[in-house]
Structure formats: C-alpha cells, structure tokens
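The values are calculated or read from the model by the stated rules, or taken from the named source; none is laboratory data. Bear in mind the structure is a predicted one, so any value in this text is a computation, not a measurement. With ideal geometry, Cβ positions are generated from the backbone for all residues, glycine too; neighbour counts draw on all protein chains shown. Accessible surface is based on the protein model in full, side chains and every heavy atom, while ligands, DNA and RNA are left aside. Shrake-Rupley method; radii C 1.70, N 1.55, O 1.52, S 1.80 Å.
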Amino acid sequence: MDRVKSSMQQVPNPIPKVLSRRAGGANSLEVEKENFERGQAVSINKAINTQEVAVKEKHARTCILGTHHEKGAHTFWLAVNRLPLSSNAVLCWKFCHVFHKLLRDGHPSVIKDSMRHKSDLTDMSRMWGHLSEGYGKLCSIYLKLLITKMEFHIKNPRFPGNLQMSNRQLDEAGENDVNNFFQLTVEMFDYLECELNLFLGVFSSLDMSRSVSVTAAGQCRLAPLIQVILDSSHLYDYTVKLLFKLHSCLPADTLQGHRDRFQEQFKKLKSLFYRSSNLQFFKRLIQIPQLPENPPNFLRASALSEHISPVVVIPAEASSPESEHVVETEDLVDTEVPPLPGPADTKFDDLFGTSAATDPFNFNGQNGMRKDDKDRLIEQLSAEIQALKEELESFRLESGRLCQALRGRVNELEAELAEQTHLKQQALGESEFLRAELDDLRRVKEDTEKEQRSLSEIEKKAQANEQRYTKLKEKYTELVQSHADLLRKNAEVTRQMTVARAAQDEVENVQKEMQERLKAAQESASLQERVQLEKLQALQAEVMSSRTELETLQSTATSSQQSHEQMSTQLTALEAEKAGLMETLSKKEAELASLGVELERVQSSLTNERESGVKVSEALQNQLNEKESREQALESELVSLRWTALRGALEEAEKIIQDSLNQLDDPAHISCTSSADYLVSRCQVALDCVESLQLARDGLVSDNTDVSGLVRAATQFAHLVGDVIVQGSATSHMVPVEQADALADSVKACGAEALALLCQLKQQESMGTADCSRLRVALNTIMALGEKLRPRGLELKQGELGDLVEQEMAATSAAVESAAARIEEMLNKSRAVDTGIKMEVNERILASCTDLMEAIKVLVLSSKDLQRDIVESGRGAASMKEFYVKNSRWTEGLISASKAVGWGATMLVDAADQVVQGKGKFEELMVCSHEIAASTAQLVAASKVKADKGSSNLGRLQQASKGVTQATAGVVASTKSGKSQIEDTDTMDFSTMTLTQIKRQEMDAQVLVLELETRLQKERERLGELRKNHYKLAGVAEGWGGEEEGTG
C-alpha cells in the first residue's frame, strides 16, 4: 500500500488519463478520424505558412490525398478558416496555390464543398484588390481566377478539375447543340482571360532583369503558374476545337467577336509560354509547349487537321512517383510528432504497465502486476507493427485504387490513341484528296487569273474607248453648241448689217434731200439775185432816165417851178424806194449766208456719217469673213469627229462580236444551255436589226451629217448578233453531235460575216457598197437549224391550238351566259320566297353579280375582237392556226386565262346560290369576286401582249377591264353591306343575363378569339403553301420551267 501511495504521489492526477485512454480505445474510428484531422492540419499548416518560399509538393500531396480519403474538403476548410488569410498576403498567396491544386487534383466534391465559401473568397479578393502592388494585387487576381474556375465547373459538371477530356467527351459536354457550344466558348474565353491576367500579374511583379527564378521569393510567385500553364493549355486546345465546330454551323460574321477575342488571347498566351520556357525554374519542373507561329484559320475547315493540341510534359525526375511516395510516407509516419511516447509520457506506463492505446482494457498495472522490460518492448513493437500494417494496408488500398484509375486512364488513352490513329489515317486520305483538289484549284486559279487579266485588259480597253467616246461626245456637244452660238452671232451680225444698211440708205436719202434742198435754195437765191439785179438795173435805168429827165427838168426848171417841185417829190420817192430795195437786198444776202453755213454743216455731218458707215461695214464684213472661215473649220472638224465616233462605235461592235466568238472556245461556256425556241426568236430579232442597220447605212450615204442612227443601229446589231452567237453555241450543247457541229459552224460563219460587214462599214469608200445579204443568209441558216431542233412533241400538240383557243373562248362565253341566267333565276326565286332585309340583301347581291356577269360578257367579246385583229394583222402568219402554233406560249396563256374566267364565273354563281339560300358564307362570295378579277386581268394581259398600242379594240378591252374591276368592287361592297345588315339583326340581348353569365360568355369569347387567331395564322400559312404549289403545278402544266430561255 505504501508503494502504491508513493507511486500515486509521483504521478499526479493519473485517473483522467487512464479514462481518456479507455474512451479512445472504445471508439477506434474516432481515434482514426482525430489522427487524420491532426495529420491534415499539420500538413496544411506546413504548406500554408508565412514564409516566402514555394509550397512543398509533399505537403500539397498530403492535402490532396486527404480530400480523396475524406471524399470532400470539409477538413481542409476547417483548418483554413483558422488561418489569418486577410492579414498576411504571403499566407493568402500560398493558400490560393494549395487550393488551386485541390481543385485540379483533389476529390470531385472539393468544388461543391468550396462553393459554400465563395462569398468569403469574393470579399477577400475585393479586400486585397485595394493594394496596387506586391502580393496583395496578386492575391486579388488569383482569388478571381479560383472563383471563375469553381463557377465554370459548377456550370459544366462534365469537365473534371484537371480539364482533361477526350474529343468525344467534349462533344458530349455541348450536347450537340450549337447554342451550348457558343455559350461554352464564351465561358472558356472568360476562364482563360483570368489565367492570362494572373500570368501577366506575376511577370509584371518580378524584376526579369535578375535571375529571380532561382531565389526563394521568385519561386514562391512562380510556382502557381505551373497549374495555370496546365489549365491554359487545355483551355486553348478546347477553344480551338469549339471554334472550328461553331464555324461549321454558323456564319462567319456571327463569330467575328469570337475570332477577335481568340486572336488577342492567342498572342498573349504565346508570349507568356515563350517567356516561361526561358526561366530556369520551369525548365526542371515542366516542359512548356510552344504555340504555332500563326493562329488557326477558322474560315478554312481543313485547318483543323493542322491543329496540334499543346501537351504539357512533367519530367519524371521532377515528380517521380517513387520519390514522392517515399517522402509522403515519411511525412505521414513522422510529421514531427513522435509515434511512440517519449520518456516523460511513459512514466505512467512504467508504473502501471503498457499504454492504454495498446491494451485499453488492461488494468493489471493498476493492480500492481508489472511486466519486465522485454515484454513491454515486445508489446510496444507489436503495437507499432500493427499500426504500420494498418498504414501499409491503407497505402495498398490507395495504391490499388490509384493503379485501377491509372489502368482506366491507360485504356482511355489507348482508345484515344486508336481514335487519333484512325483520324490520322483519315486525315492522310483527306490530305491526299485535298492536295489533288488543291492542285485542281491552283490550275483553276491560274486559269481564272488569266481570264481576269484578259478581262481586266478588255475592261481597261472598254473604259478607254468609253472615255474616248465620252470625250468625243463632249467635244461634239461643244462643237454643236459653238455652232449654234455662231449661228446666233451670224443672225445678230446680219441683223446689225441690215440695220446699218438701212441707216446708210436713210443717210443717203437725207443727203440727197439736203442736196436737193441746197440746189433749190441756190436756184432760188440765184433767181432772186437775178430778179434783184434786174430790178436794180431797172432802177438804175430809171435813175438814169430820172437824171436825164432831171437834167431836162433842170434845163426846163426855169420854165416851170411847179414841174421842178414835182420832180423833187418823185426823186424823194424814188430814193426811199431805193433804200427799201437796198435793205431787202441786204436781208437776202444775210439769209443766203446762213443757208451757206447750214449747207456746210450738213455736208460735214454727211461726210462723218459716210466715214463711220464705211468703217462699220468693213468691221461687219471682217466678222462675217471670220465666221465663214470658222464655220468651215468647224464643219470639217465635225465631219472628222462624226467619222471617228462612227468608227469607234463600229470597232466596239466588232469587239462585242469577237468576244462572243471567243466565248465559244471558253471551257466555262460548256455548262451554258439554251432552247431552240429562244434561239429562233433571237434570230428573228437579229434579222430585223440587220434591216434597220441597212436603212441607217442608206440614210448616212444620202445625208452624211447624221451618224447617230447608224451608231445606234450598229450597237444594237452587235449585241443582238453576239447574243445569237452565244445562244446558238449554248443550244448546240443540248443537241446531238452532228447537229451541234452544224449549228456551231453556222454560228461561227454568222460571226465572220458580221465582222466582215462591220469592216466594210468602217471605210468611207466601201460603205456605200456594203452588202448585208450574206449575213441574212447566215442568220436564216441558224434559224432553220433552230426550227429543226424544236421539240417534236410540241409540234404534234400545237396542231390543235387554234381550235382549242376558239373552243375555250366559246366555253367561257357559254359559262358566263349560263351564270347570268342562273343569277336571274335565283333573283326571281328570292323575290318569291324572301321578305324584308333578307330580300333586300339578296336582291342587292344578285344585282351586283348580274352587273359583274354583264361586264365579263363585254370583256370576253372585246377580247375576241382584239384577238381577231391580232390574227388578221398576221404577224407574218399565213392562217389563224399557224399563227397560234407559231405563238404557242402566248396561245397557252390565253387558253389558261379563258379557263380561269369561266371557272371563276361558275364558282361565283354557286357561292351566290349558297348565300341566297342562307347556307353559304359571304366571304366565299368575296373571294370568288377577287378570283374573277384576277382571271380577267390575266385574260386582258394575255390579249394585249401582241396587240398594237393604237388599236381601237385594245382601248375597248381596257375599258371593259375597268368595268369588270368596278363590278367586282360592287359585288364585294354589296356583300359586305348585306353581311353587316344581317349581323346587325342578330344582336345579343344582355338584359336577362347575370354577372356570372356575362363573365362566363366573356371567357368563352376570349377562348374563341384565341382559337380563331391560331386558326387564322395556320390558314394563312396553308394559303401560302397552296399558292406556291399552285404556281409550281401551273408552271409544269404550261411549261414555264421546261425550257430555259437563256444561257443559264
């Protein structure tokens, strides 16, 4: 007892330890779980610490194995939540690295368990994002990447964490839906963008001028990029394959944004891979692939075979399974916690026996029974061996599971290898086929380039000629304008000369008049002078006689004083008279002087006017001479320009015909086909054009001032003859060899004759003798061959066309007459039976139908008259049947239109009968009216195709067509009016209905409206399909698509 007491005193409080050991032994699963959690916590704390060194692989591997053992990440997050990730950036960076490894290589449930902490990771990323440098910024970018990775795997659960998938699995991930592939590509772009941002962030934070990859701090930042490289290589490969798949399903324009984004990411990824491959840190750990020089060309489907998936290789010495297993085992067995109790902990065992962990129910030690040291050592070793066996068994199970997984992976890789081998063989076969196709395409490309060069040369020549023609046309326009200006100036000058001549004549008349007045004045002055001289002489004689008498008187004065006084008085009177005569003479002399001055002034003005008139007449004569010389020069230049323009037009015509002849030897022209009917019609038009060309030639020979007619005729002639050549060659591709050779020879001969005719027209000397008869013979030969090549079945069928037209027109008239009689009968019956509003509605509808039938009668008669005029005008036909046979297509259209009119009249009468009886629908009557309007429009169009525009019967037909349209509108209007009147009489009585009944009927009405709208939409679609099929069947029945009237 003393011994026990002393031992109890030496070991304080021993009972709780024993109880705890008993409890632990009672539940080994809890002990194992506790040991597992303790080991995981130790590994996580060793992997995620504040030291700026890379995470050790063995600690990260222990964490990964722990997730597989636990089948989740619960323990990992319990340990991580205790770490101060928000306070230490290095700690957070290493956490991101370890977490990235768990997401890639851990248990698939790690992603689901980690999504619960997404909000915490987002807040932590936002918090570290406030730092602009160092680990804080890198942690923000890394956390965004991890969040994006988790979201991607949650949205796409088919993708494993390490992103390793086969092509078949990739196709299954998209579920063969182009929309899924489109969205998946966008998500991969976002994922890869986050990877590239982390890449760039790490590189931008390092000083690349120094060997940072060999330092512990540099390796701490670079180590997570190994996971980024592994993810990026897979994302790049899958993005390329998905883009090729999308380009095979969607238009290239729709995927322009995808291509631009891929181009940008390709450049970044290629640059980052290249920079990483040059770092010493990565060279010993991972083999980084090199991307191609240029990105794939998604617009070329065959480029997918050139794509090589980038493969990231991890060397064996860097991550050898054996070395890792040894390290991992050592770490798992000895994680710095001794597996055996130390000397301090074995004190209780020394006193009370073996540890409770070895034998939890052994209480012999407490009873004082002790074992010797050898037995205790044996038990300890046995317990250790048992623990090691259990651990070894767990390792065996884990290794077996891993081996099984690796075998499955090997089988999958072998299957993928076989698939790749098959694809390689298929690709080789396709490459051979594509190589041969490429050679063909190259040859075609060379031929096409030659043709394009020749075509470009021809276009350049054509443009040059067109420019020359435009310049000549502008010059000709300028000459015509200047000629018109000169003509106006000539007329102005002529008018001015006329005015000047009139003024000169007037001046001459005035001059003559002044000269006459001057002569008259001189004569009157001389006469007055003579009269005055005579008077003066008479006075002098009188004076002399007076003097003589005076002397006599003086001699006799003495005899008589009285006689003397009388003589004195007479003398005084004579002197006074003399003085008056002298005054009169002085006045006459002054008047004569003034008349002389006036005469001199008039003579000087006449002289000046004569000189100015001579100058004006000389200037006008010089202008007239210059104008005449300029007109002669312009006339000669205009003549040369006319011939130049004509020669240019004829040369262009030769080029057009020569180009048509060159097409006969073009291999691409072999696929072109045409019909004999179309060839015959083009030959007829070409013959008419030859006549027009000859008339224009004759007009130019008779009047060489107008070349526009010949230019137009030559241009039209070249196009029509070229069309005949091309259509003849195309027709020869559809006939037997002998007939084809004959037709081809005739076409070539026609082209040669046309070129010869144009050569004659280009020369002024040979223009008058140019002969078109040989060209007419060649065209008639082609036309005869075309007539022979026309289908025989049509000839047999066309013999009855003439009679069939008459029969159909007669049947149409009879149908209209019968319809009118039935309407009259229905009207009488309705008046006898119906009363009130119904009789009024029926009378209005039947009256409008009667008016419509009368209008159709007038239309049919007008159509018959117009057809008779068309047939009688002949159009070159000998009889009515031959005319119908020659114009078979027009005849068939006429027959079809007549049938439609008769059928429409019958349907209208039936619909009207049903409506009058109350069994039909008003809508049927309106539809029949519209159908009759369309049929009559077809009949009018078919009748007026070959009618002359000035024909009186054509005017009557058009007037009758307007009458039918108005009558149809009247039928529709009367039908609508009658329908509204009848519907107004059927108004509902809501006075006796309750609120519930009204609500019920409202719901029923809404249901009916929806049903009717759905039915309306379906009926519209059905109507569209019926119209398409009707058009196709009508085309087959009338031969619309049977013969292509063109070269295809």
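Can you name the helices (runs of 4 or more DSSP H) wholly within the range 203-298 that have at least 1 residues being over 20 Å from residue 314 (Cβ atoms) and open to solvent by less than 70 Å² (accessible area, probe 1.4 Å)? Step through it out loud before you land on a result.
Details: elements: 216-222, 225-247, 256-277, 280-283.
Answer list for the range 203-298: 216-222, 225-247, 256-277.
For (1) open to solvent by 60 Å² or more (accessible area, probe 1.4 Å); (2) without any contact (Cβ under 8 Å) to a residue 40 or more places away in the chain; (3) hydroxyl-bearing (Ser, Thr, Tyr), each residue gets a yes or a no:
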| position | (1), (2), (3) |
| --- | --- |
| 417 | yes, yes, no |
| 454 | no, yes, yes |
| 479 | no, no, no |
| 498 | yes, yes, yes |
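Listed here are the residues, each with its yes/no results for (1) exposed (fewer than 14 other Cβ atoms within 10 Å of the Cβ); (2) modelled with pLDDT under 80.
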residue: 614; (1), (2): yes, yes
residue: 618; (1), (2): yes, yes
residue: 642; (1), (2): no, yes
residue: 645; (1), (2): no, no
residue: 650; (1), (2): no, no
residue: 654; (1), (2): no, no
residue: 677; (1), (2): no, yes
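Restricting attention to the range 730-750, does a residue exist that is in contact with a His (Cβ under 9 Å, 6 or more places away or on another chain), farther than 16 Å from residue 653 by Cα and in a helix (DSSP H, G or I)?
Initially, the range 730-750 is screened for residues in contact with a His (Cβ under 9 Å, 6 or more places away or on another chain), giving 730, 733, 740.
Adding the requirement that they be farther than 16 Å from residue 653 by Cα leaves 730, 733, 740.
Of the ones still in play, those that are also in a helix (DSSP H, G or I) are 730, 740.
Yes, the range 730-750 contains a residue that is in contact with a His (Cβ under 9 Å, 6 or more places away or on another chain), farther than 16 Å from residue 653 by Cα and in a helix (DSSP H, G or I).
To keep it simple, each residue is scored yes or no on (1) touching a Phe, Trp or Tyr at 6+ places or on another chain (Cβ under 9 Å); (2) part of a helix (DSSP H, G or I); (3) at pLDDT below 75; (4) open to solvent by 10 Å² or more (accessible area, probe 1.4 Å).
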| position | (1), (2), (3), (4) |
| --- | --- |
| 795 | no, yes, yes, yes |
| 806 | no, yes, yes, yes |
| 809 | no, yes, yes, no |
| 831 | no, yes, yes, yes |
| 842 | no, yes, yes, no |
| 859 | no, yes, no, no |
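Does residue 71 count as of a type in the set (Lys, Arg) and more than 60 Å from the chain's Cα centre (by Cα)? Lay out the reasoning, then the answer.
Working: of a type in the set (Lys, Arg): yes; more than 60 Å from the chain's Cα centre (by Cα): no.
So residue 71 does not fit the description; no.
Criterion first (under 29 Å from the mean Cα position of the chain (by Cα) and open to solvent by 70 Å² or more (accessible area, probe 1.4 Å)) does residue 468 satisfy it?
Values: under 29 Å from the mean Cα position of the chain (by Cα): no; open to solvent by 70 Å² or more (accessible area, probe 1.4 Å): yes.
When the stated conditions are applied, residue 468 does not pass them.
With 624, 664, 634, 638 as the choices, which residue is open to solvent by less than 50 Å² (accessible area, probe 1.4 Å) and either in contact with a Cys (Cβ under 6 Å, 6 or more places away or on another chain) or under 30 Å from residue 729 (Cα atoms) (or both)?
Details: 624 fails: either in contact with a Cys (Cβ under 6 Å, 6 or more places away or on another chain) or under 30 Å from residue 729 (Cα atoms) (or both); 634 fails: either in contact with a Cys (Cβ under 6 Å, 6 or more places away or on another chain) or under 30 Å from residue 729 (Cα atoms) (or both); 638 fails: either in contact with a Cys (Cβ under 6 Å, 6 or more places away or on another chain) or under 30 Å from residue 729 (Cα atoms) (or both).
So the residue among 624, 664, 634, 638 that is open to solvent by less than 50 Å² (accessible area, probe 1.4 Å) and either in contact with a Cys (Cβ under 6 Å, 6 or more places away or on another chain) or under 30 Å from residue 729 (Cα atoms) (or both) is 664.
Somewhere in the range 339-354, is a residue at pLDDT 80 or above, surrounded by 12 or more Cβ atoms within 10 Å (Cβ to Cβ) and of a type outside the set (Val, Ile, Thr)?
Among the residues of the range 339-354, not one is at pLDDT 80 or above, surrounded by 12 or more Cβ atoms within 10 Å (Cβ to Cβ) and of a type outside the set (Val, Ile, Thr), which makes the answer no.
Checking residue 761 against (1) open to solvent by less than 20 Å² (accessible area, probe 1.4 Å); (2) closer than 24 Å to residue 476 by Cα; (3) in contact with a Cys (Cβ under 9 Å, 6 or more places away or on another chain), which test does it fail?
All conditions are met except number (3).
Starting from the range 293-309, take each residue that is without any contact (Cβ under 8 Å) to a residue 12 or more places away in the chain and more than 14 Å from residue 238 (Cα to Cα) and list its partners that are open to solvent by 40 Å² or more (accessible area, probe 1.4 Å) and assigned to a loop (DSSP other than H, G, I, E, B), counting only C-beta distances under 9 angstrom and pairs at least six apart or across chains.
As it stands, the answer is 306/292; 306/297, since those pairs meet every condition given.
Suppose the filter is of a type in the set (Val, Ile, Thr) and out of contact with any Leu (no Cβ under 9 Å at 6 or more places or on another chain); does residue 657 pass it?
Considered against the rule, which asks whether it is of a type in the set (Val, Ile, Thr) and out of contact with any Leu (no Cβ under 9 Å at 6 or more places or on another chain), residue 657 comes out as no.
Please name all residue pairs, on different chains or six or more residues apart, with Cβ atoms under 7 Å, provided the first residue is in the range 627-642 and is within 13 Å of residue 705 (Cα to Cα) and the second residue is open to solvent by less than 30 Å² (accessible area, probe 1.4 Å) and not in a helix (DSSP H, G or I).
Listed pairs, sorted by first residue: 642/707.
Which residues, counting only those in the range 911-925, are modelled with pLDDT under 75, open to solvent by 30 Å² or more (accessible area, probe 1.4 Å) and part of a helix (DSSP H, G or I)?
Across the range 911-925, the qualifying residues are 913, 914, 917, 922.
If you check every pair at least six apart or on different chains, which have Cβ atoms under 6 Å apart with a residue in the range 585-596 that is touching a residue at least 40 places away in the same chain (Cβ under 8 Å) and among the hydrophobic types (A, V, I, L, M, F, W, C) first and a residue that is assigned to a helix (DSSP H, G or I) and surrounded by fewer than 10 Cβ atoms within 10 Å (Cβ to Cβ) second?
none
Given 627, 588, 578, which one is out of contact with any strand residue (DSSP E or B) (no Cβ under 8 Å at 6 or more places or on another chain), at pLDDT 75 or above and in a helix (DSSP H, G or I)? Let's see the steps before the verdict.
Details: 588 fails: at pLDDT 75 or above; 578 fails: at pLDDT 75 or above.
Exactly one residue qualifies, and that residue is 627.
Name the residue, out of 79, 47, 73, 89, that is in contact with a Phe, Trp or Tyr (Cβ under 6 Å, 6 or more places away or on another chain), free of Cβ contacts under 8 Å to residues at least 60 places away in the same chain, among the aliphatic types (A, V, I, L, M) and buried (at least 17 other Cβ atoms within 10 Å of the Cβ).
89
Being within 23 Å of residue 839 (Cα to Cα), open to solvent by less than 20 Å² (accessible area, probe 1.4 Å) and modelled with pLDDT under 75, is that true of even one residue in the range 926-933?
no
Go through (1) open to solvent by less than 70 Å² (accessible area, probe 1.4 Å); (2) modelled with pLDDT under 75; (3) over 30 Å from residue 641 (Cβ atoms) and name the single condition residue 491 misses.
The failed condition is (3).
Of everything in the range 722-747, what is open to solvent by less than 10 Å² (accessible area, probe 1.4 Å), more than 38 Å from the chain's Cα centre (by Cα) and of a type outside the set (Val, Ile, Thr)? Give them in sequence order.
Scanning the range 722-747 gives a single hit, 743.
Just one of the numbered conditions (1) modelled with pLDDT of 75 or more; (2) open to solvent by 80 Å² or more (accessible area, probe 1.4 Å) is not true of residue 379; which one?
The number of the failed condition is (2).
Go through (1) without any contact (Cβ under 8 Å) to a residue 40 or more places away in the chain; (2) in a loop (DSSP other than H, G, I, E, B); (3) buried (at least 18 other Cβ atoms within 10 Å of the Cβ) one by one and return the number of the condition residue 158 breaks.
The failed condition is (3).
For the range 983-1003, name all the residues that are modelled with pLDDT under 75, of a type outside the set (A, V, I, L, M, F, W, C) and not in a helix (DSSP H, G or I).
986, 987, 989, 991, 992
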